[in-house]
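Below you'll find the structure, written out as structure tokens, and then a few comments.
The values are calculated or read from the model by the stated rules, or taken from the named source; none is laboratory data. If you're wondering where the values come from, they're calculated on a predicted model, not measured in any experiment. No Cβ is skipped: glycine too gets one built from the backbone with ideal geometry, and neighbour counts run over all protein chains shown.
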Amino acid sequence: MVALDGNAIGGLLQEVFGTDLTDAQATCSTCGAIGLVAQAVVYLDGPGNVVRCRNCSAMLMVITRIRGMNCVDLSGISALVASQPS
Amino acid sequence: MEGTAVPGRLTWQVATVTAARWETPSVRTIELDVPSWPGHRAGQHLDVKLTAEDGYSAERSYSIASAAAEQVAIAVERLDDGEVSPYLTDGLDVGDELELRGPVGGYFVWEKGDGGPLMLVGGGSGIVPLRAILRERERTGSDVPVRLLYSARTYADLIYRDELAAHRDGVEVFYSLTREQPAGWAGYTRRVDPGLLAETAWPEGRNPLAFVCGPTSFVEAVAAELVALGYPSGRVKTERFGGT
């Protein structure tokens, strides 16, 4: 499994959430660390798109694409702070 | 699906290849005419989707090699075991169509107002978004000083070699060729390590802004070393391409 970062899912996140989130700050619900989504650890070569906390490796989010649906598990993020689109 | 009219939502669209040229034996620049392109910023990327006749599709991201307001161009490196890249480098012709979405990314971007001095560190194809940043600097008449450290395996693997070698006021370029060097080579010959960075990076007292791009292990080593040199981690922007 090759580790990428949040830049690699920028397009998918924009598809799902309607805005760029790579510059957003995510708080890890496991360890409390705050990090930029762009710098999260990302794996794209598994069954889903896995985003992990760079500080503690806990799952931040998982996005699985099945039968035309984006299934998003956000339970690993306790807060997300993103700029308002200008 | 609805959504094409929603502001901010990315949609897939069909682009046409208007030009293609080899930069190195394994890297090809592809210029694209994208009908509904909203414009882009230096450092952003776009996503390409290839769909087979049976409906199977594969998506990959490629950094945009052009400055804002320039025609969209990407540079694709052929990976021997790649699922997508061999088609883009060896199968695609001028006039062919490509499904893509973009531009993507609001973090790994540079605009004139972001200032500098800039510390650009690229490994292999990681040079592509850095070249976009250099072109943006030139396009906007910015005079922020730049140091570019570019690591590649061999001289033949240097992408945009002639463009980077052309004299530019305020831009210093350092090269490291890690596998093989031409006779008389005066540049570095080893992987980027703390000593090499200490010799080439802006001192942290200049408040530099760093952009590091390339294979994941390269980016992580360089970013850690820049932070060790005193760069605030918030001033070291990273984009990992995977690979080794």
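Annotations for the structure displayed:
- Each residue in segment A:41-54 was checked for being more than 11 Å from every other protein chain (Cβ to nearest Cβ) and modelled with pLDDT of 95 or more, and 4 pass.
- Some residue of segment B:199-211 being within 14 Å of chain A (Cβ to nearest Cβ) and touching a residue at least 60 places away in the same chain (Cβ under 8 Å): yes
- Selection count, segment B:43-78, where residues are not polar (S, T, N, Q) and not in a loop (DSSP other than H, G, I, E, B): 16
- Residue ID - farthest from the chain's Cα centre (by Cα), chosen from residues in segment B:210-241 that are farther than 19 Å from B:TYR150 by Cβ and part of a loop (DSSP other than H, G, I, E, B): B:GLY230
- Out of B:TYR160, B:TYR107, B:TYR175, sole residue that is on the phi > 0 side of the Ramachandran plot, at pLDDT 95 or above and not small (Gly, Ala, Ser): B:TYR160
- Test: B:TYR62 is of a type in the set (Phe, Trp, Tyr) and away from chain A (no Cβ under 14 Å): no
- Residue check for B:GLU220: in contact with a Leu (Cβ under 7 Å, 6 or more places away or on another chain) and of a type in the set (Asp, Glu): no
- Residue match in segment B:12-35 (condition: part of a loop (DSSP other than H, G, I, E, B), within 14 Å of chain A (Cβ to nearest Cβ), at pLDDT below 90 and closer than 21 Å to A:GLY48 by Cα): no
- Selection within segment A:45-64 - in contact (Cβ under 8 Å) with a residue 24 or more places away in the chain and loosely packed, with under 15 Cβ neighbours inside 10 Å: A:ASP45, A:GLY46, A:CYS56, A:ALA58
- Contacts under 9 angstrom Cβ, first residue in segment B:135-152 being more than 29 Å from B:ARG190 (Cβ to Cβ), partner of a type in the set (Lys, Arg) and crowded, with 22+ Cβ neighbours inside 10 Å, 6 or more apart: B:ASP143/B:ARG137
- Residues that are exposed (fewer than 15 other Cβ atoms within 10 Å of the Cβ) and in a helix (DSSP H, G or I) within segment B:87-102 comprise B:ASP90, B:GLY91, listed in sequence order.
- Strands (runs of 3 or more DSSP E) lying entirely in segment B:116-196 (those with 1 or more residues that are acidic (Asp, Glu)): B:171-177
- Residues that are under 25 Å from B:SER233 (Cα atoms), at pLDDT 95 or above and within 13 Å of the chain's Cα centre (by Cα) within segment A:55-86 comprise A:SER57, A:ALA58, A:MET59, A:LEU60, A:MET61, A:GLY76, A:ILE77, A:SER78, A:ALA79, A:LEU80, A:VAL81, listed in sequence order.
- Test: B:LEU164 is surrounded by fewer than 21 Cβ atoms within 10 Å (Cβ to Cβ) and either out of contact with any strand residue (DSSP E or B) (no Cβ under 7 Å at 6 or more places or on another chain) or over 30 Å from A:TYR43 (Cβ atoms) (or both): yes
- Contact map, segment B:104-127: first residue closer than 30 Å to B:THR154 by Cα and within 14 Å of chain A (Cβ to nearest Cβ), second residue acidic (Asp, Glu) and part of a helix (DSSP H, G or I), Cβ cut-off under 9 Å, separation 6 or more or different chains; pairs are B:TRP110/B:GLU136.
- Summed over segment B:160-193, the residues that are in contact (Cβ under 8 Å) with a residue 60 or more places away in the chain and among the β-branched types (Val, Ile, Thr) give a count of 1.
- Looking only at segment A:13-36, and only at residues there that are facing chain B (nearest Cβ under 8 Å) and surrounded by 17 or more Cβ atoms within 10 Å (Cβ to Cβ), the one that is farthest from B:GLY242 (Cα to Cα): A:THR19
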